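Here is the structure we will look at.
The values are calculated or read from the model by the stated rules, or taken from the named source; none is laboratory data. As the structure is a prediction and not an experimental result, all values here were calculated from the model. Note that we place each Cβ from the backbone using ideal geometry, even for glycine, and neighbour counts take in every protein chain shown. Calculation scope for accessible area: heavy atoms of the full protein, side chains included, ligands and nucleic acids excluded. Shrake-Rupley method; radii C 1.70, N 1.55, O 1.52, S 1.80 Å.
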Amino acid sequence: MKAFVLHGGFGLDNVKEVDLPVPSPGPGQVLIQIQAVSLNSRDMGVIDGFYEPNRTEPLIPVSDGVGTIIALGDGAAKFQVGERVSGIFTQSWVSGEPAQENWVSTLGSPLDGMLAEYVVLPEEGLVRIPEHLTNEEAATLACAGVTAWHAIAVEGQVKAGDVVVVQGTGGVSLFALQFAKLLGARVIITSSSDEKLERARALGADYGINYRTNPEWDQAVLAYTQGRGADHIVDLGGASTLNRSISALKVGGQVSIVGILSGAAVEDFAIVPAIIRKARLQAINVGSREMFESMNRAIAQHALHPVIDRTFPFARSLDAFRYLSQGSAFGKISIVF
Ligand SMILES: NC(=O)c1ccc[n+]([C@@H]2O[C@H](COP(=O)([O-])OP(=O)(O)OC[C@H]3O[C@@H](n4cnc5c(N)ncnc54)[C@H](OP(=O)(O)O)[C@@H]3O)[C@@H](O)[C@H]2O)c1
């Protein structure tokens, strides 16, 4: 089978297409013929050595992928041959709170990922995908979709009438926009581009703020909410946005700490504004199988379609990574096999 493998050092130059034997499913496992994957900035971080610089190699990268089950190992009875499934980002996190040992079971590092024609996974590490989705749409769900669901629906408990702020127009942000809208919230989205803000409005965003021409976007949120502030902010910028996220929050509101698009350390974190707002700061780390399954039910019920910016063929996977590195996608980047 064909697969892309990271071997011999960090960087995209060390990701090569290779031929590997088709793996066999062991007890409780299934063999999946992969049909589509999607990319996340973490995948590039793994390749560049930003995440887990001590990881073992060779490594098949990419956490998110879907495919069709083509063989069952001994005792595997949860799925049938022919069903379409997605891998769960954190393979061993089934439900409830995660434990430290769950973090060693994430796909695409330290475990081999999905950028291969065939993958073997334990049946416990899979979910069925909503029937109305194409393979490339379904492949966007495991990381960005579940992360947004966890922030908005699970920890955020967003409800009708809430004001939710999402940042930028990448994968997590647009999922958070879609989920907040289906729960009845009013959504403010920020972007560096007026054209992307228009596209976000077409997806249901109620108000857009260009954070490049209006860097004090927190003040714009306060003005839009008549000084009350937002109920919930999905912080994706990290270093340059966290203080402003707290500033734009209502008293008792929640910031979901999710992203590090502008850097992973806030040097001048302002504690007092957080105390004054009695802010809840909730870090999010993707999510459990239970969250993935509840999100899929909501996606099916509302016939929601993920937003895909661009799709590449498997043979051009390296071009897909180069496009991801530009950091300008509106929604997700998929690869089809
Ligand atoms: N904690 C977790 O479990 C988890 C899970 C998934 C992702 N993440 C993190 O969440 C972040 C977003 O992930 P993603 O996959 O959605 O990324 P993405 O699709 O690559 O997002 C790209 C978009 O981010 C926006 N952006 C860039 N810098 C920004 C800034 N300073 N402020 C606001 N927006 C900015 C840009 O939107 P515009 O062009 O519209 O400005 C760009 O199009 C990443 O840092 C990722 O590592 C964390």
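Out of curiosity, is Gly259 of a type in the set (Gly, Ala, Ser) and under 26 Å from Leu126 (Cβ atoms)? Give the steps one after another, and end with the answer.
Values: of a type in the set (Gly, Ala, Ser): yes; under 26 Å from Leu126 (Cβ atoms): no.
So Gly259 fails the test.
Of note, Ile260 satisfies the criterion of being open to solvent by 50 Å² or more (accessible area, probe 1.4 Å) and within 15 Å of the ligand (Cβ to nearest atom). Filtering the stretch 6-15 to residues that are closer than 17 Å to Thr56 by Cβ and open to solvent by 90 Å² or more (accessible area, probe 1.4 Å) leaves only His7. Of the listed requirements (1) crowded, with 20+ Cβ neighbours inside 10 Å; (2) within 30 Å of Gln157 (Cβ to Cβ), Ala320 misses just one: (2).
Asp235 - would you say it is charged (D, E, K, R), within 10 Å of the ligand (Cβ to nearest atom) and under 24 Å from Val154 (Cα atoms)?
On the way: charged (D, E, K, R): yes; within 10 Å of the ligand (Cβ to nearest atom): yes; under 24 Å from Val154 (Cα atoms): yes.
Yes: the conditions hold for Asp235.
Residues in the stretch 153-191 that are crowded, with 24+ Cβ neighbours inside 10 Å, within 13 Å of the ligand (Cβ to nearest atom) and among the aliphatic types (A, V, I, L, M): Val165, Val166, Val172, Leu174, Ala176, Leu177, Ile188, Ile189. Within the stretch 326-336, restricting attention to residues that are in contact (Cβ under 8 Å) with a residue 60 or more places away in the chain and within 9 Å of the ligand (Cβ to nearest atom), which residue is surrounded by the fewest Cβ atoms within 10 Å (Cβ to Cβ)? Among them, the one singled out is Gly327.
Does at least one position in the stretch 273-285 carry a residue that is within 20 Å of Glu97 (Cβ to Cβ), open to solvent by 40 Å² or more (accessible area, probe 1.4 Å), near the ligand (Cβ under 8 Å from one of its atoms) and not basic (Lys, Arg)?
yes
The number of residues in the stretch 115-136 being buried (at least 24 other Cβ atoms within 10 Å of the Cβ) and within 12 Å of Val307 (Cα to Cα) comes to 0.
For Ala205, are the conditions met, namely being surrounded by fewer than 18 Cβ atoms within 10 Å (Cβ to Cβ) and in a loop (DSSP other than H, G, I, E, B)? So that I can check it myself, show each step before the final result.
Working: surrounded by fewer than 18 Cβ atoms within 10 Å (Cβ to Cβ): no; in a loop (DSSP other than H, G, I, E, B): yes.
So Ala205 fails the test.
Could you please let me know if Ser86 is among the small types (Gly, Ala, Ser), within 18 Å of the chain's Cα centre (by Cα) and not in a strand (DSSP E or B)? Lay out the reasoning, then the answer.
Values: among the small types (Gly, Ala, Ser): yes; within 18 Å of the chain's Cα centre (by Cα): yes; not in a strand (DSSP E or B): no.
Here the answer is no, as Ser86 does not meet what is asked.
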